[in-house]
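> Can you keep this structure in mind? I'll have questions shortly.
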Amino acid sequence: GGGGGGAPYLACEIVDVAKELDIAVLKLRNPAARSMKSLLYGSSSDLLVGQSLLAIGNPFGLDRTITSGLVSALGRSVV
């Protein structure tokens, strides 16, 4: 089975969870996962206006959330 995007779910095991950071480390069990490429961990100080980005998380307690967009500005404060 898969999600709404048509991509299949892959079997995995939970390695560690940091609820206060809203992050988990998962280990994929599917042999096909070996062909997947990992993402490099970036720094917000390297962002440029116009760059593509993905935000993955659990904002406001909403489960299974991902969004994509473009960096529209730098140095804004969130109120």
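The values are calculated or read from the model by the stated rules, or taken from the named source; none is laboratory data. Not measured: the values here are computed from a predicted model. Here the Cβ positions follow ideal geometry from the backbone for every residue, glycine too, while neighbour counts run over all protein chains shown. The protein model used for the area step is the full one, side chains on, heavy atoms only, and it has no ligands, DNA or RNA in it. Shrake-Rupley method; radii C 1.70, N 1.55, O 1.52, S 1.80 Å.
> From the backbone phi of segment 40-50, what are the Karplus-calculated ³J(HN,Hα) couplings (6.51 cos²θ - 1.76 cosθ + 1.60, θ = phi - 60°) in whole Hz, Gly and Pro given as x?
7, 7, x, 10, 4, 6, 9, 5, 10, 4, x
> How high is the relative contact order of segment 9-60? Use alpha-carbon pairs under 8 Å, at least six apart in sequence, and give a whole percent.
On the way: 34 pairs, mean separation 15.3, N = 52.
Rounded, it is 29 percent for segment 9-60.
> Size of the dipole of segment 8-79 about the Cα centre, Lys and Arg at +1 and Asp and Glu at -1 on the beta carbon, nothing else charged, in debye to 20?
Working: 7 positive and 6 negative charges, 51 e Å.
For segment 8-79, the charge dipole is close to 240 debye.
> For an R0 of 22 angstrom, estimate the FRET efficiency from the Cβ-Cβ distance between residue 66 and residue 45 and round to the nearest 0.05.
Details: r = 23 Å, r/R0 = 1.05.
The computed FRET efficiency comes out at 0.45.
> Let me ask another. Given H placed 1.01 Å from N in the peptide plane, which residues other than close sequence neighbours of residue 12 have an amide H under 5 Å from its amide H?
Here 29 satisfy the definition.
> Then there's this: If I stretch the segment between residue 30 and residue 14 completely, what's the gain in nm (0.36 nm per residue apart, minus their alpha carbon distance), one decimal? Walk me through the numbers before you get to the answer.
On the way: separation 16, 0.36 × 16 = 5.76 nm, distance 1.40 nm.
Answer, rounded to one decimal: 4.4 nm.
> Over its Cα atoms, what ratio of radius of gyration to 2.2 N^0.38 Å does the chain give?
Numbers: Rg = 15.5 Å, N = 79, 2.2 N^0.38 = 11.6 Å.
Against the empirical 2.2 N^0.38 Å value, I get 1.34 for the chain.
> Return the sequence-ordered ³J(HN,Hα) values of segment 68-75 in whole Hz as given by the Karplus equation 6.51 cos²θ - 1.76 cosθ + 1.60 applied to θ = phi - 60°, using x for Gly and Pro.
For segment 68-75, the Karplus curve yields 10, x, 10, 6, 9, 7, 10, x Hz.
> Okay, moving on. With the other protein chains left in place, how much accessible area per residue, in square angstrom, belongs to the chain at a 1.4 angstrom probe?
On the way: 7500 Å² over 79 residues.
Heavy-atom accessible area per residue stands at 95 Å².
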